[in-house]
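Novice: My structure is below; once you've seen it, I'll send some questions.
The values are calculated or read from the model by the stated rules, or taken from the named source; none is laboratory data. Source: prediction; values computed, not measured. Virtual Cβ from ideal backbone geometry, glycine too; neighbours counted across all protein chains shown.
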Amino acid sequence: ASARTKRDVVKFLVENMVEGLQLMLENVRERISELRKKGVDVEYESTLALSVPGKIKMFSATLSLADFNRAIGVLEKLDNSLAEKEGRLSENGKGKG
């Protein structure tokens, strides 16, 4: 494969990784909003989510696996925290499922 083809493949992969991170962030933001509407304290998650766009931009600029892992790490931490709060909400019978 030519150098151009390799560059195109890398560009494609990076764009998809960035898009994946952005979709995960959008999902987290929607879940934070839903929990907030139900009266759940999500201040920690809201604050933590604010750090993610910068981490995504950093990965886009550096293409460093470490930067990608930092963004994913925060998103996973948010996902776990939100899942715990969502679980508690449905256990209390306040949630819809």
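Novice: Looking only at segment 44-53, which residues are touching a helix residue (DSSP H, G or I) at 6+ places or on another chain (Cβ under 9 Å) and surrounded by fewer than 18 Cβ atoms within 10 Å (Cβ to Cβ)?
Specialist: Tyr44, Ser46, Leu48, Ser51, Pro53
Novice: Quick check on my filter: what residues within segment 1-39 are aliphatic (A, V, I, L, M) and at pLDDT 95 or above?
Specialist: Answer for segment 1-39, where residues must be aliphatic (A, V, I, L, M) and at pLDDT 95 or above: Met17, Val18, Leu21, Leu23, Met24, Leu25, Val28, Ile32, Leu35.
Novice: Now, a different point. May I ask you to verify whether Val28 is β-branched (Val, Ile, Thr) and either in contact with an Asp or Glu (Cβ under 9 Å, 6 or more places away or on another chain) or not in a helix (DSSP H, G or I) (or both)?
Specialist: yes
Novice: Being at pLDDT below 95 and among the small types (Gly, Ala, Ser) is the filter here, so list the residues in segment 62-81 that pass it.
Specialist: Ser64
Novice: Report every pair of residues separated by at least 6 positions or lying on different chains whose Cβ atoms are under 8 Å apart, first residue within segment 72-84 and within 13 Å of Ile32 (Cβ to Cβ), second assigned to a helix (DSSP H, G or I) and of a type in the set (Asp, Glu).
Specialist: Leu78/Glu45; Ser81/Glu45; Leu82/Glu45
Novice: Something else now. Among the residues of segment 31-43, which ones are surrounded by 11 or more Cβ atoms within 10 Å (Cβ to Cβ) and free of Cβ contacts under 8 Å to residues at least 24 places away in the same chain?
Specialist: Ser33, Glu34, Arg36
Novice: Still on this structure: Can you run down the residue pairs with Cβ atoms below 8 Å, 6 or more apart or on separate chains, where the first is in segment 1-26 and among the small types (Gly, Ala, Ser) and the partner is surrounded by 11 or more Cβ atoms within 10 Å (Cβ to Cβ)?
Specialist: Ala1/Val9
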